[in-house]
1. When the dipole is taken about the Cα centre of the chain, and only Lys, Arg (+1) and Asp, Glu (-1) are charged at their Cβ, what size is it in debye, to the nearest 20?
2. Add -39500 (n - 2.57) for each DSSP H run of 4 or more in the chain, then divide by its residues: what number comes out at 222 nm, to the nearest 500 deg cm²/dmol?
3. On average, how much accessible surface per residue is there in the chain, in Å², for a 1.4 Å probe, leaving out ligands, DNA and RNA?
4. What length, rounded to one decimal in nm, is gained on full extension from Ala51 through to Asn21, with 0.36 nm per residue of separation minus their alpha-carbon distance?
5. Name the residue from Ile57, Ile12, Val38 whose Cα lies farthest towards the positive end of the charge dipole of region 1-60, charges +1 on Cβ of Lys and Arg and -1 on Cβ of Asp and Glu.
6. Under 16 Å between alpha carbons: how many lysine pairs meet that in the chain, if sequence neighbours fewer than 8 apart on the same chain are excluded?
7. Roughly what % of DSSP beta bridges within the chain run antiparallel, to the nearest 5?
8. With an 8 Å cut-off on Cα pairs and a minimum separation of 6 or more residues, tell me the relative contact order of the chain in percent.
Amino acid sequence: MPIPFVWSNDDISVGLTEPLNRQVKFLDRFGLKGVFFVVPKSGDKTIAEDATLLKAIEKARNDGHEFYQHGYIHTPFE
């Protein structure tokens with residue numbers, strides 16, 4: 001009997017292409033699809049300025065992973 005499995009990751013943002021790629025590679029190895037929440041602005045940069053990240057997101061989306069916006073700016077409050 002299959003066990004349901006959900007993968008979710010918050011806070012994909014500017015400069016985080018490599019961690020995103022590692023997670024997608026891991027999920028793809030097992031045939032799993034992930035749901036990622038993107039923060040468009042980090043510091044004084046936006047994802048519009050990170051062509052590498054945008055390409056990685058586009059490739060992952062084309063492979064069936066999902067991406068949604070997680071606010072516009074994320075300020076740690078913990």
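1. 280 debye
2. So the calculated ellipticity at 222 nm is -10000 deg cm²/dmol.
3. Counting only protein heavy atoms, the per-residue value for the chain is 72 Å².
4. 9.4 nm
5. Value computed over the given set: Ile57.
6. Lysine pairs meeting the criterion: 4.
7. 20 percent
8. 36 percent
The values are calculated or read from the model by the stated rules, or taken from the named source; none is laboratory data. Predicted model only: the values in this text are computed from it and were never measured. Glycine also receives a Cβ, built like all others from the backbone with ideal geometry; neighbour counts cover every protein chain displayed. Note: areas computed on protein heavy atoms with side chains; ligands, DNA, RNA excluded. Shrake-Rupley method; radii C 1.70, N 1.55, O 1.52, S 1.80 Å.
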